[in-house]
1. Taking the options 595, 523, 507, 537, name whichever one is assigned by TED's automatic domain parsing to the domain that holds residue 463 and on the phi > 0 side of the Ramachandran plot.
2. With 458, 496 as the choices, which residue is farther than 26 Å from residue 563 by Cβ, assigned by TED's automatic domain parsing to the domain that holds residue 630 and assigned to a helix (DSSP H, G or I)?
3. So residue 298 passes all but one of these: (1) touching a strand residue (DSSP E or B) at 6+ places or on another chain (Cβ under 9 Å); (2) in a loop (DSSP other than H, G, I, E, B); (3) in contact (Cβ under 8 Å) with a residue 60 or more places away in the chain. Which condition number does it fail?
4. Here are some residues: 191, 178. Which one is under 18 Å from residue 112 (Cα atoms) and either without any contact (Cβ under 8 Å) to a residue 12 or more places away in the chain or in contact with a helix residue (DSSP H, G or I) (Cβ under 6 Å, 6 or more places away or on another chain) (or both)?
5. Any residue at all in the range 277-292 that's without any contact (Cβ under 8 Å) to a residue 40 or more places away in the chain and either surrounded by 23 or more Cβ atoms within 10 Å (Cβ to Cβ) or on the phi > 0 side of the Ramachandran plot (or both)?
6. Only one residue in 114, 169 is crowded, with 17+ Cβ neighbours inside 10 Å and free of Cβ contacts under 8 Å to residues at least 40 places away in the same chain. Which one?
7. Restricting attention to the range 246-263, which residues are out of contact with any strand residue (DSSP E or B) (no Cβ under 7 Å at 6 or more places or on another chain) and at negative phi?
């Protein structure tokens, strides 16, 4: 889901990677998990996986209201309060049956807009609610309005222009499921007007700061990317990169004569850098690249009043911020002096830039939110997201490096159990999803939960992870499963074994999405390395995965999946994809699996898990299967997350011998029972389908 321009202009870095500013430097000694003082107390799993008490705060444009997310009727919903009111006097604005994950204020503060899908199907609709409206007695909240009321359609928000406060620009794929046409939607009555019919295969649209549609992006015939100037009578390509390079339009500068773009175009450029683009000529000029020459450009911060660039961000082992504005520099000095040790994120600001919501977080603390007044220079604590989670008993996340078998240096993060000797530990290797993404330093609920149970946790940023330059990114092409991407994970495990940190007999692999595929590949193609596996929303066949992608992915497949993984329509590629699909090598899997899926997953269909569970059960193999009928690509519901945590904890305790919390609340136990599927029923259904 695209974020609205108000958030993109000021908070893009915070939303995409979290704009973090060092506050206090190195971790304090009392958080050093390397000291062997005995295991930390067992922490209730509900503190990791239940909903936070309060989260996701935002400010109305005038600063009079604070909105936030908090459970209502047991589900995470939007609440609002006046700025000077206590949180106890806040009132709910939504009563959705599915957790609300994303929302923002309209430009004039007359509405709060949020996005919602059904059961994780990712067909997002845009909803509006009046924060000043009276509550409906039947629901206890004001009535929300669906601004994109078309079933089976995925809405994308492109712009929320300051000059048109009653308007948002959205994309809808109602005419063609693979492409989004652009509409102007009026917030007052929900009326919708077509702005641009997408007959040119555009996959991304960019408006200038005045709300005029100016640029588009699309894939070229060879899988590259081109930036298009949008004219009334058509589109004109003005800048392009090859399939092994990237370009992304960031936003327009004030005045609209140039736009910020991030690209690694050119034989002499490895790291993506910030440039400006002339929409008329297509010429680009360098603005900034990483001063330390380590990573790609990561993010930017803009002033709400002038729209000028005031800070840039780079994400290495930790984040680095380069401030370009004296006011912001003074703000940060004041905040560092007042706030606790950790890293800062600017979560929201008023239009006049007087008030800011500032978050503080670190690896052992999911965070607190402060209200900072620029005029007084004072920061006031609003809330801690998980006040009962004991940070003093959590474990340090350490950036590490190790060398892969071909000599490439692999960055990773290692979290070790607090208070235990750093030798002979059981390990859970936890590869990230994507795979075109990366892990970053900070609070990670699974890393902390597993470390508290006595496991070392390795999170490798294997080749093809983003942020480390195009050579590192491209080095993973066509190496899924049996090639270098998987070798990087294997070599990380062996590195820890050679260091004596990890017990070679007690290693499990657990990942979601691509990390789930890597889990299946690990237990299939390196069966002697792992004692167990937890594939979560995991592809088991690369053929059925790619052939079942959503329609709106099709215009982007040539330069992504077909180029970097393989095209099932090409016979040589199809044979290669078959050779990298764990489903075809069931006999090589020797260890127990806990397989997890969401029934409504539009990216990795449930069939990916069904087919491997059925095949394993047919071979008499030990497999536990958890399927949530109300989830998609990952569990969002608190009860499902807590039930899954119980299943994971029990499974790992049985396979690796870690600690386990014995008591399980009745509601959580009932939910786990409800979403645990008998593998025999899956195998039976598969046989019946084959027979038909």
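The values are calculated or read from the model by the stated rules, or taken from the named source; none is laboratory data. Keep in mind the model is a prediction, meaning the values are calculated, not measured. Methodologically, a virtual Cβ is constructed for each residue, glycine included, from the backbone with ideal geometry; neighbour enumeration extends over all protein chains shown.
1. Checking each option against the conditions leaves just 537.
2. 496
3. (2) is the only condition that residue 298 fails.
4. 191
5. no
6. After applying the criteria, what remains is 114.
7. Answer for the range 246-263, where residues must be out of contact with any strand residue (DSSP E or B) (no Cβ under 7 Å at 6 or more places or on another chain) and at negative phi: 254, 257.
Yes/no per residue for (1) in a loop (DSSP other than H, G, I, E, B); (2) modelled with pLDDT of 95 or more; (3) in contact with a strand residue (DSSP E or B) (Cβ under 7 Å, 6 or more places away or on another chain); (4) closer than 25 Å to residue 107 by Cα:
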{"site": "347", "(1), (2), (3), (4)": "no, no, yes, yes"}
{"site": "370", "(1), (2), (3), (4)": "no, yes, yes, yes"}
{"site": "383", "(1), (2), (3), (4)": "no, yes, yes, no"}
{"site": "387", "(1), (2), (3), (4)": "yes, yes, no, no"}
{"site": "395", "(1), (2), (3), (4)": "yes, yes, yes, no"}
{"site": "400", "(1), (2), (3), (4)": "no, yes, yes, no"}
{"site": "410", "(1), (2), (3), (4)": "no, yes, yes, no"}
{"site": "418", "(1), (2), (3), (4)": "yes, yes, no, no"}
{"site": "434", "(1), (2), (3), (4)": "yes, yes, no, no"}
